[in-house]
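Read through the structure below, which is laid out as structure tokens, and then see the notes.
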Amino acid sequence: ATDLATAVDSLPALLAQKKQLEMHTSILQAVMNQVAARDVPQFFELEISLATGSYRTDPGRAKQDALKLLSAPNKGNVEDKLRLLVVFVLTTNAKTADVDELCAAIQSAMDTTTDEGKPRL
């Protein structure tokens, strides 16, 4: 009988913990949905590769990989694209023409609209 009384007494605390856990899980799910929708891991991997010098021997490939992400309207948001551009400029000996091309790719991606006619970025 005392076990039952103890269980009943602890029920409100357990329900509060369950509610808090559900709230945190919901927040985590929303964050993970945004990470997935923006393809954050692809941006992160390219930024790390640029920052660690992985493209030092192949700057053309660095530009092409950056251009691929920057020009894709369904990948990342404006901040993701600008951050990648900044990392690219700071970690490569990018020519002005290359930077202009990457900026144009961002602008083009920003001008693209969704099926509903809304800007993607």
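The values are calculated or read from the model by the stated rules, or taken from the named source; none is laboratory data. Bear in mind the structure is a predicted one, so any value in this text is a computation, not a measurement. Neighbour counts are summed over all protein chains in view; Cβ atoms, including those assigned to glycine, are modelled from backbone coordinates with ideal geometry. The accessibility values were calculated without ligands, DNA or RNA, using every heavy atom of the protein model including side chains. Shrake-Rupley method; radii C 1.70, N 1.55, O 1.52, S 1.80 Å.
For Val40, the shell of other residues with beta-carbons less than 11 Å away shows a net charge of -2, using +1 for Lys and Arg and -1 for Asp and Glu.
Taking 0.36 nm per residue of separation and subtracting the Cα-Cα distance, full extension of the segment from Lys18 to Ile48 would add 7.0 nm.
Fully extending the segment from Val31 to Glu101, taken as 0.36 nm per residue of separation minus the present Cα-Cα distance, adds 22.0 nm.
So how much slack lies between Ser10 and Leu82, counting 0.36 nm per residue of separation and subtracting their Cα-Cα distance, in nm?
20.8 nm
Cα extents for the chain along the principal axes, largest to smallest and rounded to whole angstrom: 80, 39, 16. Of the solvent-accessible surface of the chain, computed with a 1.4 Å probe and all protein chains present, 59% belongs to carbon and sulfur.
Note on Arg38 and Arg61: with the Förster distance fixed at 30 Å, the Cβ-Cβ geometry gives a FRET efficiency of about 0.80. For the chain, the solvent-accessible area with a 1.4 angstrom probe is 70 square angstrom per residue.
Name the helices (complete DSSP H segments) of the chain with a Cα length along the long axis of 15 Å or more and a Kyte-Doolittle mean of at least 1.0, or state none. Span-like helices in the chain: 78-91.
Across segment 1-72, the volume of the C-alpha convex hull divided among the residues equals 105 Å³ per residue.
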